[in-house]
Amino acid sequence: VIVSTVEEGFEPACHRETGGWLSDVIVGQFRRPHGMLGSLAGWIMANRASNIDRNHWTVELMGLDAGARILEIGCGPGIGIEAVLSGVPDCRVTGLDHSALMISQAAARHAHALKSDRLELWQGDLVGLPEAERFDAVFSSNVLQFIRNRSALLEEVQSRLKPGGCFATTFRPRGSCAGAEEGRAWISSFAEDLCVAGFFEVQIRERPFGSVPAFCALAQNP
Ligand SMILES: C[S@@+](CC[C@H](N)C(=O)[O-])C[C@H]1O[C@@H](n2cnc3c(N)ncnc32)[C@H](O)[C@@H]1O
């Protein structure tokens, strides 16, 4: 695993406070947004500058060629979709999310790309995504920490990627006292699982976004 870090701007690691029921409600709305609070969660994701920057960073790290076929897992309100549509010429994108509310926000945000066939949106999880052509790249930002069966997920991602295709996973620790150490621990464990699953060229990148850094694990499909 190759680790590349940018050390500026980090806060010291500290212990996460136990948040209680309110924290559970908030986390639940970012895991599967629904109802009025879910609309608010979608609005926050779509408007928070650090979230927009993190999605653009993830797409830049993949270094994709024009015309790439790209899947985003957990597309939320469509900020990662915006990053690929604007950053990768002539790409075709599939956005996947199990929240009907997020799919409708992403559809409203990208009505033009849907009409022009540059974008498809699917409500559900990865296993339910119809099999069509394989993807040049699969990515997600702040989603895979919610997935319980990681080895099943990695197997599914491999089956959806072309040989040599790129897989990027970005994670930013959350919570009132989340810090860099928590993020490093999570991404390192994820990178180890990528190696075990048979991915090649596994790398970790780290960059400050606001007060807490984000981490991206990049890997190549066999
Ligand atoms: C914290 S939000 C991040 C959204 C977006 N990636 C962004 O950076 O703005 C997590 C998103 O992943 C979706 N999600 C979580 N688990 C999922 C799963 N197993 N399958 C599909 N979508 C999932 C949620 O519905 C939510 O929209």
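Coordinate-derived values only; no laboratory data. Everything numeric in this text was worked out from a predicted model, so none of it was measured. Because the Cβ atoms are built from the backbone with ideal geometry, glycine has one as well, and the counts that use them run over all protein chains shown.
Structure data summary
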| read-out | value |
| --- | --- |
| Qualifying residue in segment 17-25 (condition: more than 13 Å from the ligand (Cβ to nearest atom), among the polar types (S, T, N, Q) and assigned to a helix (DSSP H, G or I)) | yes |
| Check on ASP193, part of a strand (DSSP E or B), at negative phi and acidic (Asp, Glu) | no |
| Filtered residues of segment 132-153 (kept if in contact (Cβ under 8 Å) with a residue 40 or more places away in the chain, among the aliphatic types (A, V, I, L, M) and closer than 13 Å to ASP97 by Cα) | VAL143, LEU144 |
| Residues that are more than 20 Å from ARG207 (Cβ to Cβ) and more than 9 Å from the ligand (Cβ to nearest atom), drawn from segment 45-80 | ASN47, ASP65, ALA66, GLY67, ALA68, ARG69, ILE70, LEU71 |
| Residue list for segment 95-131, restricted to those being in contact with a Lys or Arg (Cβ under 9 Å, 6 or more places away or on another chain), in a loop (DSSP other than H, G, I, E, B) and more than 9 Å from the ligand (Cβ to nearest atom) | HIS110, ASP117, ARG118, LEU129, GLU131 |
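Yes or no, residue by residue, for (1) touching a helix residue (DSSP H, G or I) at 6+ places or on another chain (Cβ under 7 Å); (2) outside any loop (DSSP other than H, G, I, E, B):
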site	(1), (2)
ILE52	yes, yes
TRP57	no, yes
ALA66	no, no
LEU71	yes, yes
CYS75	yes, no
ILE81	yes, yes
LEU85	yes, yes
VAL93	yes, yes
